[in-house]
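Below is one structure, written out as structure tokens, with a few remarks after it.
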Amino acid sequence: MERDTQLQLYGFVADQLKEAHARVRSLQVPEGVRMALSRKLLVITAAAKHDLAGAARRLDRLMNDLDEGRFPEDRDSDGTP
């Protein structure tokens, strides 16, 4: 029974990651913002290998941020906002 729940969570996280990547690609934001969001998605993907439930929570927070238009700051090459 627990294995079925774990498999369902894997499926859910995989589907959400796919949706999040598509949303990030389609955003009309500066390239620096897109890169920061992509890095966040890569970190969440890596975390899912070790802490699936934690990765699901982080992904949920990221999706909420996207829904509400909260994005990381864009920084130019010298590190200023």
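The values are calculated or read from the model by the stated rules, or taken from the named source; none is laboratory data. As the structure is a prediction and not an experimental result, all values here were calculated from the model. All Cβ positions, even for glycine, are placed from backbone atoms using ideal geometry, and neighbour counts span all protein chains on display. Side chains are part of the model used for accessible areas, which takes the heavy atoms of the whole protein and leaves out ligands, DNA and RNA. Shrake-Rupley method; radii C 1.70, N 1.55, O 1.52, S 1.80 Å.
Within the range 43-71, residues that are over 10 Å from Val13 (Cα atoms) and modelled with pLDDT under 95 have Cβ atoms under 7 Å from residues that are surrounded by 11 or more Cβ atoms within 10 Å (Cβ to Cβ) and β-branched (Val, Ile, Thr) in these pairs: Phe71/Val29; Phe71/Val33, counting only partners at least 6 apart in sequence or on another chain. A search for C-beta distances below 9 Å between a residue of the range 6-21 that is hydrophobic (A, V, I, L, M, F, W, C) and any residue that is assigned to a helix (DSSP H, G or I) and surrounded by fewer than 13 Cβ atoms within 10 Å (Cβ to Cβ), counting only pairs 6+ apart in sequence or on different chains, returns Leu9/Ala53. Condition (residue is part of a helix (DSSP H, G or I) and closer than 21 Å to Gly69 by Cβ) applied to the range 5-15: is it met by at least one residue? Within the range 5-15 (the criterion being part of a helix (DSSP H, G or I) and closer than 21 Å to Gly69 by Cβ), the answer is no, since none of the residues qualifies. On inspection, Leu27 does not qualify as open to solvent by less than 90 Å² (accessible area, probe 1.4 Å) and in contact with a His (Cβ under 7 Å, 6 or more places away or on another chain).
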